[in-house]
Amino acid sequence: MHDDHDHDGHHHDNHLDPTAARVKALETILTRKGLIDPAAIDAIVDIYENRIGPRNGAKVVAKAWDDQAYADWLKRDATAAIASLGFTGRQGEHMRAVFNAPDTHNLVVCTLCSCYPWSVLGLPPVWYKSPPYRSKAVIDPRGVLAEFGLALPDGTNIRVWDSTAELRYLVVPMRPAGTTGWSEERLADLVTRDSMIGTALAREPETA
Amino acid sequence: MNGAQDLGGQMGFGPVAPEKDEPYFHAEWEKRALGVTLCAGAMGHWNIDESRHARETLHPADYYSSSYYEIWIKALEKLLVRHGFVTGGELASGEAGSDGTTPRRVLKAADVPAMLARGGPCEREIQAAPRFAAGDRVRTRNMNPAGHTRLPRYTRGRVGVVETVHEGFVFPDTNAHGKGEDPQRVYTVVFDGREIWGADADPSLTVSIDAWESYLEPA
(Lines give C-alpha, C1' and ligand atoms only; values in the text may rest on other atoms or scores of the structure.)
Protein backbone atom coordinates (compact mmCIF):
# COMPACT_ATOMS: atom_id res chain seq x y z
CA MET A 1 0.00 0.00 0.00
CA HIS A 2 2.76 2.40 0.98
CA ASP A 3 4.77 1.57 -2.11
CA ASP A 4 1.73 2.04 -4.32
CA HIS A 5 1.14 5.44 -2.87
CA ASP A 6 4.71 6.56 -3.39
CA HIS A 7 4.65 5.30 -6.93
CA ASP A 8 1.37 7.05 -7.64
CA GLY A 9 2.37 10.30 -6.07
CA HIS A 10 5.55 10.37 -8.05
CA HIS A 11 4.15 11.10 -11.47
CA HIS A 12 1.11 13.26 -11.01
CA ASP A 13 0.72 16.31 -8.92
CA ASN A 14 -3.04 16.42 -8.44
CA HIS A 15 -5.08 14.41 -6.01
CA LEU A 16 -7.11 12.39 -8.47
CA ASP A 17 -6.87 8.66 -8.52
CA PRO A 18 -6.32 7.17 -12.00
CA THR A 19 -9.99 6.52 -12.68
CA ALA A 20 -11.04 9.97 -11.54
CA ALA A 21 -8.34 11.45 -13.78
CA ARG A 22 -9.48 9.31 -16.70
CA VAL A 23 -13.10 10.43 -16.34
CA LYS A 24 -12.10 14.05 -15.95
CA ALA A 25 -9.94 13.87 -19.06
CA LEU A 26 -12.77 12.31 -21.03
CA GLU A 27 -15.26 14.93 -19.90
CA THR A 28 -12.78 17.67 -20.78
CA ILE A 29 -12.09 16.31 -24.26
CA LEU A 30 -15.77 15.87 -25.06
CA THR A 31 -16.61 19.32 -23.73
CA ARG A 32 -13.84 21.02 -25.72
CA LYS A 33 -15.04 19.26 -28.85
CA GLY A 34 -18.57 20.50 -28.25
CA LEU A 35 -20.01 17.01 -27.92
CA ILE A 36 -21.38 17.32 -24.41
CA ASP A 37 -22.49 20.13 -22.13
CA PRO A 38 -21.18 19.84 -18.54
CA ALA A 39 -24.31 21.59 -17.32
CA ALA A 40 -26.33 18.67 -18.68
CA ILE A 41 -24.20 16.32 -16.59
CA ASP A 42 -24.96 18.44 -13.52
CA ALA A 43 -28.68 18.23 -14.35
CA ILE A 44 -28.56 14.44 -14.75
CA VAL A 45 -26.70 13.99 -11.47
CA ASP A 46 -29.12 16.28 -9.64
CA ILE A 47 -32.10 14.25 -10.81
CA TYR A 48 -30.64 10.88 -9.86
CA GLU A 49 -29.12 12.08 -6.62
CA ASN A 50 -32.05 14.11 -5.35
CA ARG A 51 -35.27 13.44 -7.22
CA ILE A 52 -35.58 9.82 -8.27
CA GLY A 53 -35.23 7.04 -5.75
CA PRO A 54 -36.94 4.23 -3.89
CA ARG A 55 -39.48 6.61 -2.35
CA ASN A 56 -41.12 6.52 -5.77
CA GLY A 57 -41.52 2.78 -5.64
CA ALA A 58 -42.63 2.90 -2.02
CA LYS A 59 -45.54 5.14 -3.03
CA VAL A 60 -46.54 2.62 -5.69
CA VAL A 61 -46.44 -0.27 -3.22
CA ALA A 62 -48.29 1.63 -0.48
CA LYS A 63 -51.02 2.58 -2.91
CA ALA A 64 -51.33 -1.01 -4.06
CA TRP A 65 -51.68 -2.13 -0.43
CA ASP A 66 -54.33 0.47 0.24
CA ASP A 67 -56.34 0.37 -2.97
CA GLN A 68 -57.35 -2.98 -4.48
CA ALA A 69 -58.38 -1.43 -7.79
CA TYR A 70 -54.94 0.15 -8.07
CA ALA A 71 -53.29 -3.17 -7.17
CA ASP A 72 -55.29 -4.87 -9.93
CA TRP A 73 -54.21 -2.22 -12.42
CA LEU A 74 -50.60 -2.55 -11.29
CA LYS A 75 -50.78 -6.29 -11.85
CA ARG A 76 -52.35 -5.88 -15.30
CA ASP A 77 -50.46 -2.86 -16.64
CA ALA A 78 -47.70 -1.75 -14.31
CA THR A 79 -46.27 0.80 -16.74
CA ALA A 80 -49.54 2.74 -16.87
CA ALA A 81 -50.38 2.32 -13.19
CA ILE A 82 -46.94 3.59 -12.19
CA ALA A 83 -47.04 6.43 -14.73
CA SER A 84 -50.32 7.59 -13.16
CA LEU A 85 -48.29 8.52 -10.06
CA GLY A 86 -45.84 10.47 -12.20
CA PHE A 87 -43.04 7.92 -12.41
CA THR A 88 -41.94 7.31 -15.99
CA GLY A 89 -38.90 7.31 -18.18
CA ARG A 90 -35.45 5.92 -18.51
CA GLN A 91 -35.09 2.31 -17.34
CA GLY A 92 -38.76 2.22 -16.42
CA GLU A 93 -40.28 2.32 -19.89
CA HIS A 94 -41.72 -1.19 -19.62
CA MET A 95 -42.62 -2.09 -16.05
CA ARG A 96 -43.94 -5.25 -14.42
CA ALA A 97 -44.98 -5.55 -10.81
CA VAL A 98 -44.66 -8.97 -9.20
CA PHE A 99 -46.50 -9.61 -5.96
CA ASN A 100 -45.19 -11.60 -3.05
CA ALA A 101 -47.68 -14.02 -1.52
CA PRO A 102 -47.61 -16.30 1.52
CA ASP A 103 -46.37 -19.16 -0.68
CA THR A 104 -44.16 -17.21 -3.13
CA HIS A 105 -41.27 -14.80 -2.69
CA ASN A 106 -39.97 -12.87 -5.69
CA LEU A 107 -36.37 -11.83 -6.24
CA VAL A 108 -35.09 -9.67 -9.12
CA VAL A 109 -31.65 -9.82 -10.70
CA CYS A 110 -29.93 -8.98 -13.97
CA THR A 111 -27.30 -11.65 -14.55
CA LEU A 112 -26.14 -10.08 -17.83
CA CYS A 113 -25.65 -6.46 -16.78
CA SER A 114 -27.38 -4.24 -14.26
CA CYS A 115 -30.97 -3.79 -15.50
CA TYR A 116 -32.96 -2.17 -12.71
CA PRO A 117 -36.15 -0.06 -12.58
CA TRP A 118 -34.58 3.39 -12.26
CA SER A 119 -37.89 5.24 -12.48
CA VAL A 120 -39.17 3.70 -9.26
CA LEU A 121 -36.00 2.70 -7.38
CA GLY A 122 -33.41 5.19 -8.61
CA LEU A 123 -29.87 4.12 -9.40
CA PRO A 124 -29.00 0.58 -8.31
CA PRO A 125 -26.73 -0.12 -5.35
CA VAL A 126 -23.24 -1.41 -6.06
CA TRP A 127 -24.01 -4.93 -4.86
CA TYR A 128 -26.86 -5.26 -7.37
CA LYS A 129 -24.45 -4.54 -10.24
CA SER A 130 -21.60 -6.71 -8.97
CA PRO A 131 -20.61 -10.30 -9.76
CA PRO A 132 -21.39 -11.87 -6.36
CA TYR A 133 -25.09 -11.02 -6.51
CA ARG A 134 -25.50 -11.46 -10.26
CA SER A 135 -23.88 -14.90 -10.20
CA LYS A 136 -25.49 -16.27 -7.06
CA ALA A 137 -29.09 -14.99 -7.15
CA VAL A 138 -30.20 -17.49 -9.79
CA ILE A 139 -28.53 -20.60 -8.34
CA ASP A 140 -28.63 -19.98 -4.59
CA PRO A 141 -31.21 -17.32 -3.81
CA ARG A 142 -31.69 -18.56 -0.25
CA GLY A 143 -27.97 -18.12 0.32
CA VAL A 144 -28.23 -14.57 -1.02
CA LEU A 145 -31.21 -13.80 1.19
CA ALA A 146 -29.34 -15.15 4.21
CA GLU A 147 -26.66 -12.55 3.57
CA PHE A 148 -29.37 -9.92 3.86
CA GLY A 149 -30.56 -11.51 7.10
CA LEU A 150 -33.69 -12.91 5.53
CA ALA A 151 -34.72 -16.51 6.14
CA LEU A 152 -37.97 -17.41 4.41
CA PRO A 153 -40.33 -19.86 6.10
CA ASP A 154 -40.12 -23.46 4.92
CA GLY A 155 -42.54 -24.08 2.12
CA THR A 156 -42.08 -20.68 0.55
CA ASN A 157 -41.33 -20.94 -3.13
CA ILE A 158 -38.74 -18.61 -4.57
CA ARG A 159 -39.18 -17.10 -8.00
CA VAL A 160 -36.15 -15.36 -9.43
CA TRP A 161 -36.76 -12.92 -12.28
CA ASP A 162 -33.67 -12.50 -14.47
CA SER A 163 -34.19 -9.17 -16.26
CA THR A 164 -32.81 -10.27 -19.60
CA ALA A 165 -34.95 -8.01 -21.81
CA GLU A 166 -36.32 -4.47 -21.43
CA LEU A 167 -39.00 -5.34 -18.89
CA ARG A 168 -38.15 -3.92 -15.48
CA TYR A 169 -39.43 -5.60 -12.35
CA LEU A 170 -40.79 -4.12 -9.14
CA VAL A 171 -41.46 -6.53 -6.29
CA VAL A 172 -44.57 -5.71 -4.26
CA PRO A 173 -43.84 -7.08 -0.80
CA MET A 174 -46.64 -8.36 1.42
CA ARG A 175 -48.33 -5.80 3.61
CA PRO A 176 -47.23 -6.24 7.22
CA ALA A 177 -49.83 -7.20 9.81
CA GLY A 178 -50.93 -4.52 12.23
CA THR A 179 -51.23 -1.77 9.64
CA THR A 180 -54.99 -1.67 9.21
CA GLY A 181 -56.22 1.83 8.66
CA TRP A 182 -52.78 3.30 8.02
CA SER A 183 -52.47 6.12 5.52
CA GLU A 184 -50.53 5.52 2.29
CA GLU A 185 -47.85 7.92 3.55
CA ARG A 186 -47.37 5.89 6.71
CA LEU A 187 -47.43 2.61 4.81
CA ALA A 188 -44.80 3.87 2.38
CA ASP A 189 -42.36 4.24 5.27
CA LEU A 190 -42.43 0.45 5.68
CA VAL A 191 -41.39 -0.13 2.06
CA THR A 192 -37.63 -0.31 1.67
CA ARG A 193 -35.61 -0.42 -1.54
CA ASP A 194 -34.49 -3.96 -0.77
CA SER A 195 -38.08 -5.11 -0.21
CA MET A 196 -38.84 -4.00 -3.78
CA ILE A 197 -35.85 -5.96 -5.16
CA GLY A 198 -36.78 -8.98 -3.06
CA THR A 199 -33.76 -9.12 -0.77
CA ALA A 200 -35.90 -8.05 2.19
CA LEU A 201 -39.48 -8.00 3.39
CA ALA A 202 -41.35 -4.81 4.18
CA ARG A 203 -40.54 -3.47 7.64
CA GLU A 204 -42.75 -4.46 10.53
CA PRO A 205 -44.66 -1.60 12.16
CA GLU A 206 -42.78 -1.87 15.45
CA THR A 207 -39.42 -1.38 13.71
CA ALA A 208 -40.57 1.47 11.48
CA MET B 1 -21.10 -13.64 -26.58
CA ASN B 2 -19.89 -15.91 -23.83
CA GLY B 3 -18.22 -13.01 -22.07
CA ALA B 4 -17.45 -11.97 -18.55
CA GLN B 5 -20.85 -10.35 -18.21
CA ASP B 6 -22.74 -13.65 -18.38
CA LEU B 7 -22.63 -14.37 -14.69
CA GLY B 8 -25.61 -16.55 -13.81
CA GLY B 9 -24.48 -19.56 -11.76
CA GLN B 10 -20.78 -18.68 -11.76
CA MET B 11 -19.03 -19.25 -8.44
CA GLY B 12 -16.19 -17.86 -6.43
CA PHE B 13 -16.99 -14.15 -6.32
CA GLY B 14 -17.42 -14.05 -2.56
CA PRO B 15 -20.16 -12.47 -0.48
CA VAL B 16 -22.72 -10.01 -1.80
CA ALA B 17 -21.79 -7.66 1.01
CA PRO B 18 -24.62 -5.12 0.90
CA GLU B 19 -23.56 -1.72 2.22
CA LYS B 20 -25.73 -0.15 4.88
CA ASP B 21 -27.20 3.23 3.94
CA GLU B 22 -25.29 3.14 0.69
CA PRO B 23 -25.00 6.51 -1.09
CA TYR B 24 -25.92 6.74 -4.76
CA PHE B 25 -22.34 7.72 -5.56
CA HIS B 26 -19.11 6.78 -3.81
CA ALA B 27 -16.98 9.46 -5.45
CA GLU B 28 -17.43 12.62 -7.46
CA TRP B 29 -16.05 10.94 -10.56
CA GLU B 30 -18.89 8.41 -10.48
CA LYS B 31 -21.36 11.26 -10.92
CA ARG B 32 -19.42 12.56 -13.90
CA ALA B 33 -19.13 9.02 -15.33
CA LEU B 34 -22.91 8.61 -15.22
CA GLY B 35 -23.49 12.02 -16.76
CA VAL B 36 -20.85 11.71 -19.48
CA THR B 37 -22.21 8.30 -20.46
CA LEU B 38 -25.78 9.56 -20.74
CA CYS B 39 -24.80 12.76 -22.54
CA ALA B 40 -22.65 10.87 -25.05
CA GLY B 41 -25.45 8.37 -25.61
CA ALA B 42 -27.83 11.26 -26.22
CA MET B 43 -25.80 12.26 -29.29
CA GLY B 44 -27.75 9.45 -30.92
CA HIS B 45 -25.00 7.47 -32.62
CA TRP B 46 -25.35 4.18 -30.80
CA ASN B 47 -28.12 2.34 -28.97
CA ILE B 48 -28.35 0.65 -25.59
CA ASP B 49 -27.60 -2.75 -27.11
CA GLU B 50 -24.36 -1.54 -28.69
CA SER B 51 -23.47 0.04 -25.33
CA ARG B 52 -24.06 -3.20 -23.48
CA HIS B 53 -22.01 -5.10 -26.03
CA ALA B 54 -19.16 -2.61 -25.67
CA ARG B 55 -19.14 -3.36 -21.92
CA GLU B 56 -19.24 -7.13 -22.31
CA THR B 57 -16.36 -7.12 -24.80
CA LEU B 58 -13.98 -5.86 -22.14
CA HIS B 59 -11.38 -8.51 -21.38
CA PRO B 60 -12.75 -10.69 -18.56
CA ALA B 61 -9.86 -9.80 -16.25
CA ASP B 62 -10.58 -6.12 -16.86
CA TYR B 63 -14.34 -6.55 -16.44
CA TYR B 64 -14.04 -8.38 -13.13
CA SER B 65 -11.51 -5.97 -11.67
CA SER B 66 -13.49 -2.86 -12.61
CA SER B 67 -16.32 -1.20 -10.74
CA TYR B 68 -19.50 -0.75 -12.73
CA TYR B 69 -18.88 2.90 -13.53
CA GLU B 70 -15.34 2.00 -14.59
CA ILE B 71 -16.84 -0.56 -16.96
CA TRP B 72 -19.12 2.16 -18.31
CA ILE B 73 -16.25 4.55 -18.94
CA LYS B 74 -14.01 1.96 -20.59
CA ALA B 75 -16.88 0.94 -22.86
CA LEU B 76 -17.76 4.57 -23.61
CA GLU B 77 -14.20 5.22 -24.75
CA LYS B 78 -14.49 2.31 -27.18
CA LEU B 79 -17.79 3.65 -28.53
CA LEU B 80 -16.43 7.17 -28.96
CA VAL B 81 -13.40 5.91 -30.88
CA ARG B 82 -15.47 3.48 -32.98
CA HIS B 83 -17.83 6.24 -34.04
CA GLY B 84 -15.06 8.71 -34.78
CA PHE B 85 -15.68 11.25 -32.02
CA VAL B 86 -12.29 10.89 -30.37
CA THR B 87 -9.03 9.13 -31.14
CA GLY B 88 -6.93 6.82 -29.05
CA GLY B 89 -4.27 9.53 -29.09
CA GLU B 90 -6.66 12.04 -27.55
CA LEU B 91 -7.62 9.59 -24.82
CA ALA B 92 -3.96 8.81 -24.12
CA SER B 93 -2.91 12.44 -23.98
CA GLY B 94 -6.03 13.85 -22.38
CA GLU B 95 -5.97 16.69 -24.93
CA ALA B 96 -8.66 17.41 -27.50
CA GLY B 97 -7.37 17.25 -31.06
CA SER B 98 -9.03 17.94 -34.39
CA ASP B 99 -12.75 17.62 -34.96
CA GLY B 100 -14.20 14.18 -35.44
CA THR B 101 -17.72 13.06 -36.24
CA THR B 102 -20.37 15.79 -36.03
CA PRO B 103 -22.94 14.78 -33.42
CA ARG B 104 -26.59 14.52 -34.41
CA ARG B 105 -27.58 16.21 -31.15
CA VAL B 106 -25.92 17.74 -28.13
CA LEU B 107 -27.93 17.37 -24.94
CA LYS B 108 -28.53 20.68 -23.16
CA ALA B 109 -29.23 20.95 -19.44
CA ALA B 110 -32.71 22.34 -20.06
CA ASP B 111 -33.61 19.23 -22.06
CA VAL B 112 -32.39 16.71 -19.49
CA PRO B 113 -35.64 16.28 -17.50
CA ALA B 114 -37.66 15.66 -20.66
CA MET B 115 -35.02 13.32 -22.07
CA LEU B 116 -34.97 11.20 -18.91
CA ALA B 117 -38.76 11.24 -18.57
CA ARG B 118 -39.11 10.04 -22.16
CA GLY B 119 -36.55 7.27 -21.81
CA GLY B 120 -36.02 4.95 -24.75
CA PRO B 121 -39.08 2.79 -25.28
CA CYS B 122 -38.17 -0.26 -27.36
CA GLU B 123 -41.55 -1.94 -27.69
CA ARG B 124 -42.49 -2.38 -31.35
CA GLU B 125 -45.74 -3.48 -32.93
CA ILE B 126 -45.67 -6.98 -34.39
CA GLN B 127 -48.26 -7.95 -36.97
CA ALA B 128 -47.68 -11.70 -36.97
CA ALA B 129 -49.43 -13.86 -34.40
CA PRO B 130 -47.27 -15.05 -31.51
CA ARG B 131 -45.59 -18.37 -32.18
CA PHE B 132 -46.11 -19.45 -28.59
CA ALA B 133 -48.95 -19.12 -26.08
CA ALA B 134 -48.99 -19.01 -22.31
CA GLY B 135 -48.63 -22.53 -20.98
CA ASP B 136 -46.60 -23.81 -23.95
CA ARG B 137 -43.51 -25.86 -23.21
CA VAL B 138 -40.50 -24.44 -25.01
CA ARG B 139 -36.83 -25.25 -25.27
CA THR B 140 -34.27 -22.49 -25.46
CA ARG B 141 -31.89 -22.82 -28.33
CA ASN B 142 -28.41 -24.08 -27.71
CA MET B 143 -26.45 -21.29 -29.32
CA ASN B 144 -23.18 -19.53 -28.76
CA PRO B 145 -23.11 -16.41 -30.92
CA ALA B 146 -19.88 -14.45 -31.06
CA GLY B 147 -21.89 -11.22 -30.97
CA HIS B 148 -24.37 -9.75 -28.54
CA THR B 149 -27.18 -11.88 -27.17
CA ARG B 150 -29.51 -11.72 -24.19
CA LEU B 151 -29.98 -15.45 -23.75
CA PRO B 152 -27.82 -16.31 -20.73
CA ARG B 153 -25.67 -19.41 -20.96
CA TYR B 154 -27.23 -21.01 -17.91
CA THR B 155 -30.60 -21.12 -19.65
CA ARG B 156 -29.54 -22.44 -23.05
CA GLY B 157 -30.92 -25.78 -24.20
CA ARG B 158 -33.38 -25.89 -21.29
CA VAL B 159 -37.07 -26.67 -21.22
CA GLY B 160 -39.38 -24.15 -19.61
CA VAL B 161 -42.96 -22.94 -19.77
CA VAL B 162 -44.18 -19.73 -21.37
CA GLU B 163 -45.83 -17.70 -18.65
CA THR B 164 -46.50 -14.40 -20.41
CA VAL B 165 -46.59 -13.35 -24.05
CA HIS B 166 -45.39 -9.77 -24.46
CA GLU B 167 -45.41 -7.30 -27.31
CA GLY B 168 -42.59 -7.03 -29.79
CA PHE B 169 -39.29 -5.58 -28.68
CA VAL B 170 -36.20 -4.47 -30.54
CA PHE B 171 -33.95 -7.51 -31.00
CA PRO B 172 -30.63 -6.87 -29.25
CA ASP B 173 -28.71 -9.50 -31.19
CA THR B 174 -29.05 -7.47 -34.40
CA ASN B 175 -29.52 -3.99 -32.98
CA ALA B 176 -26.19 -4.11 -31.13
CA HIS B 177 -24.37 -4.57 -34.43
CA GLY B 178 -26.03 -1.99 -36.67
CA LYS B 179 -28.15 -4.68 -38.34
CA GLY B 180 -31.50 -3.12 -37.55
CA GLU B 181 -34.15 -3.43 -34.90
CA ASP B 182 -35.71 -6.63 -36.29
CA PRO B 183 -38.37 -6.61 -33.54
CA GLN B 184 -39.62 -9.93 -32.20
CA ARG B 185 -42.05 -10.90 -29.52
CA VAL B 186 -40.71 -11.44 -26.04
CA TYR B 187 -41.91 -14.21 -23.72
CA THR B 188 -41.43 -14.66 -20.01
CA VAL B 189 -40.29 -18.29 -19.75
CA VAL B 190 -40.14 -20.04 -16.39
CA PHE B 191 -37.76 -22.89 -15.60
CA ASP B 192 -37.78 -25.28 -12.70
CA GLY B 193 -34.55 -24.83 -10.75
CA ARG B 194 -33.75 -28.52 -11.22
CA GLU B 195 -34.04 -28.23 -15.02
CA ILE B 196 -31.26 -25.65 -14.90
CA TRP B 197 -29.07 -26.74 -12.02
CA GLY B 198 -29.76 -30.46 -11.74
CA ALA B 199 -31.25 -32.76 -9.17
CA ASP B 200 -29.49 -31.14 -6.23
CA ALA B 201 -31.08 -27.77 -6.87
CA ASP B 202 -33.43 -26.11 -4.41
CA PRO B 203 -36.80 -27.73 -5.25
CA SER B 204 -38.63 -24.52 -4.30
CA LEU B 205 -36.76 -22.48 -6.93
CA THR B 206 -38.08 -21.30 -10.26
CA VAL B 207 -36.19 -18.88 -12.49
CA SER B 208 -37.58 -16.88 -15.37
CA ILE B 209 -36.00 -15.03 -18.24
CA ASP B 210 -37.52 -12.75 -20.84
CA ALA B 211 -36.70 -14.40 -24.15
CA TRP B 212 -37.06 -13.15 -27.72
CA GLU B 213 -39.04 -15.48 -29.96
CA SER B 214 -36.06 -16.71 -31.97
CA TYR B 215 -34.39 -17.92 -28.77
CA LEU B 216 -37.18 -20.51 -28.38
CA GLU B 217 -38.31 -23.73 -30.03
CA PRO B 218 -41.34 -25.88 -29.25
CA ALA B 219 -40.59 -28.63 -26.72
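Kindly evaluate A:T180 against the criterion of being among the β-branched types (V, I, T), in a loop (DSSP other than H, G, I, E, B) and either buried (at least 16 other Cβ atoms within 10 Å of the Cβ) or not assigned by TED's automatic domain parsing to the domain that holds A:S119 (or both).
no
Scan B:P23, B:P15 and give me the residue that is outside the structural domain of B:G100 (by TED's automatic domain parsing) and touching a helix residue (DSSP H, G or I) at 6+ places or on another chain (Cβ under 7 Å).
B:P15
Could you tell me how many of the residues in region B:105-129 are of a type in the set (A, V, I, L, M) and more than 30 Å from B:A40 (Cβ to Cβ)?
Result for region B:105-129: 3.
Kindly indicate whether B:Y68 is within 8 Å of chain A (Cβ to nearest Cβ), free of Cβ contacts under 8 Å to residues at least 12 places away in the same chain and in contact with a Gly (Cβ under 9 Å, 6 or more places away or on another chain).
When the stated conditions are applied, B:Y68 does not pass them.
If you take the residues in region B:5-33 that are surrounded by fewer than 21 Cβ atoms within 10 Å (Cβ to Cβ) and of a type in the set (A, V, I, L, M, F, W, C), which one is farthest from A:A165 (Cα to Cα)?
In this case the residue turns out to be B:A27.
Can you name every residue in region A:139-154 that is of a type in the set (D, E) and under 19 Å from B:D192 (Cα atoms)?
Those that are of a type in the set (D, E) and under 19 Å from B:D192 (Cα atoms): A:D140, A:D154.
Tally time: how many residues in region B:1-43 are more than 7 Å from every other protein chain (Cβ to nearest Cβ) and touching a Phe, Trp or Tyr at 6+ places or on another chain (Cβ under 6 Å)?
3
Do you know which residues across region A:174-208 are at pLDDT below 95 and out of contact with any Asp or Glu (no Cβ under 7 Å at 6 or more places or on another chain)?
Within region A:174-208, A:P205, A:E206, A:T207 meet the criteria.
Residue under question is A:V144, and the condition is that it be under 21 Å from B:Y68 (Cα atoms), facing another protein chain (nearest Cβ under 7 Å) and surrounded by 19 or more Cβ atoms within 10 Å (Cβ to Cβ); does it hold?
Here the answer is yes, as A:V144 does meet what is asked.
For (1) of a type in the set (D, E, K, R); (2) more than 16 Å from A:R159 (Cα to Cα), each residue gets a yes or a no:
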| site | (1), (2) |
| --- | --- |
| B:G147 | no, yes |
| B:P152 | no, yes |
| B:R158 | yes, yes |
| B:A176 | no, yes |
| B:K179 | yes, yes |
| B:Q184 | no, yes |
| B:R194 | yes, no |
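Looking at region A:47-100, which of its residues are in contact with a strand residue (DSSP E or B) (Cβ under 9 Å, 6 or more places away or on another chain), away from every other protein chain (no Cβ under 13 Å) and not in a helix (DSSP H, G or I)?
A:F99, A:N100
Scanning for something touching a strand residue (DSSP E or B) at 6+ places or on another chain (Cβ under 7 Å), in a loop (DSSP other than H, G, I, E, B), in contact (Cβ under 8 Å) with a residue 40 or more places away in the chain and more than 11 Å from chain A (Cβ to nearest Cβ), does region B:116-128 turn up at least one residue?
yes
Quick check on this structure: which one of B:R82, B:R105 is away from every other protein chain (no Cβ under 12 Å), modelled with pLDDT of 95 or more and more than 30 Å from B:R156 (Cα to Cα)?
Within the list B:R82, B:R105, the selection yields B:R82.
A:V60 is checked against (1) farther than 25 Å from A:I158 by Cβ; (2) touching a residue at least 12 places away in the same chain (Cβ under 8 Å) and fails just one. What number does that condition carry?
Every listed condition holds for A:V60 apart from (1).
Scan region A:148-173 for residues that are assigned to a loop (DSSP other than H, G, I, E, B), hydrophobic (A, V, I, L, M, F, W, C) and touching a Phe, Trp or Tyr at 6+ places or on another chain (Cβ under 8 Å) and report the count.
Count: 1.
Scan the helices (runs of 4 or more DSSP H) fully inside region B:1-88 and keep the ones with 3 or more residues being basic (K, R).
Because the criterion is at least 3 residues that are basic (K, R), the helices (runs of 4 or more DSSP H) in region B:1-88 that meet it are B:68-82.
Quickly run through region A:123-137 and pick out the residues that are touching a helix residue (DSSP H, G or I) at 6+ places or on another chain (Cβ under 9 Å), within 7 Å of chain B (Cβ to nearest Cβ) and touching a residue at least 12 places away in the same chain (Cβ under 8 Å).
Hits for region A:123-137 are A:L123, A:P125, A:K129, A:Y133, A:R134.
Looking at B:H166, is it within 11 Å of chain A (Cβ to nearest Cβ) and part of a loop (DSSP other than H, G, I, E, B)?
No.
Let me confirm something: among B:G160, B:G198, which residue is crowded, with 23+ Cβ neighbours inside 10 Å, more than 18 Å from the chain's Cα centre (by Cα) and not aromatic (F, W, Y)?
One residue alone meets the criteria, B:G160.
The rows are residues; the columns are (1) closer than 17 Å to B:L34 by Cβ; (2) of a type outside the set (S, T, N, Q); (3) outside the structural domain of B:P183 (by TED's automatic domain parsing).
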{"site": "B:S66", "(1), (2), (3)": "yes, no, yes"}
{"site": "B:W72", "(1), (2), (3)": "yes, yes, yes"}
{"site": "B:F85", "(1), (2), (3)": "no, yes, yes"}
{"site": "B:P103", "(1), (2), (3)": "no, yes, yes"}
{"site": "B:R131", "(1), (2), (3)": "no, yes, no"}
{"site": "B:V138", "(1), (2), (3)": "no, yes, no"}
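The values are calculated or read from the model by the stated rules, or taken from the named source; none is laboratory data. Every value quoted in this text rests on a predicted model; they were computed, and no experiment measured them. Methodologically, a virtual Cβ is constructed for each residue, glycine included, from the backbone with ideal geometry; neighbour enumeration extends over all protein chains shown.
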